[in-house]
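Presented below is the structure to which this report refers.
Nothing in this text is a laboratory measurement; each read-out follows from the coordinates by a stated rule. It should be emphasised that the depicted structure is a prediction, and the values quoted were computed from it without experimental measurement. Positions of Cβ are generated from backbone atoms using ideal geometry, with glycine treated the same way; all protein chains shown enter the neighbour counts.
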């Protein structure tokens, strides 16, 4: 599976201003709490991102998703993965926030939230719970949208890729092909040369 991400999410001791900026904007996208602020250039304009002002980051990611998807054949959709607390189809404020940003960016294809968990799942942050795709798949449920045979997966952060693979395997069992995955950030354990840069990876299934 091809996975595209746009920023490195530091899972190491954050010592530099750039480290905190990458952390803050990722938390802003996730809807999490963080202290202070980060000034970020978005479309040539400096935006001050705080826990109270996260919309510019969410809007930017929605635009990036639409750009990455481009024009697609009928029967293709965008599926937003569920947050760890989503146990009811369609009742997921975090996923809805991302889905609405993608729709607002004039997605040319439908944007759906067709997944849920059978129980509240441990958060990936801090290594909570298993990351094994088959275990995650057993705890995930999928309601295939009518007429959709292929889809892009969207998530906030790729760590091991376990959630992406679990969703993809579950989709495949229902006859839906995964085109690619698009994530805002990718977890890194060492400081890369560039924190804000688009990276395309292959996630082995």
Helix 93-104 versus the longest principal axis of the chain: what angle, 0 to 90°, nearest 10, using Cα atoms?
90
Which of 163, 132 comes first, and how do the rest follow, when ranked by fewest Cβ neighbours within 10 Å?
132, 163
For the chain, take the longest principal axis of its alpha carbons; what is the angle in degrees between that and the long axis of helix 55-69, to the nearest 10 within 0 to 90?
50
Just subtract the alpha-carbon distance of residue 173 and residue 143 from 0.36 nm times their residue separation and send over the number in nm, one decimal.
9.6 nm
Rough spin-label spacing in nm, given labels placed 7 Å along Cα→Cβ, for residue 123 and residue 13:
2.3
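Working out 0.36 nm times the residue gap between residue 194 and residue 180, then minus their Cα-Cα distance, what length gain in nm do you get to one decimal? Walk me through the numbers before you get to the answer.
Values: separation 14, 0.36 × 14 = 5.04 nm, distance 2.34 nm.
Full extension of this stretch gives 2.7 nm more.
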With a 10 Å radius around each residue's Cβ, average the other Cβ atoms per peptide and rank 17-29, 98-110, highest first.
17-29, 98-110
Nearest 5 percent is fine: what portion of the DSSP beta bridges confined to the stretch 1-135 is antiparallel?
75
Given that compact globular proteins tend to follow 2.2 N^0.38 Å, what is the ratio of the alpha-carbon Rg of the stretch 92-205 to that value?
1.10
In degrees, nearest 10, range 0 to 90: what is the angle between the Cα axis of helix 162-173 and the longest Cα principal axis of the chain?
20
Given 10 Å bins starting at zero, what is the percent of C-alpha pairs of the stretch 30-139 in each, up to the one with the largest pair distance?
13, 34, 36, 16, 1
Rough spin-label spacing in nm, given labels placed 7 Å along Cα→Cβ, for residue 50 and residue 71:
4.4
Simple spin-label estimate for residue 150 and residue 91 in nanometres, 7 Å along Cα-Cβ:
3.5
Taking every alpha carbon pair in the chain, what does the distance histogram look like in 10 angstrom bins from 0, in percent?
9, 36, 38, 15, 2
For the chain, what is the calculated [θ] at 222 nm in deg cm²/dmol (nearest 500), taking -39500 (n - 2.57) for each run of four or more DSSP H residues and dividing by its residue count?
-9000 deg cm²/dmol
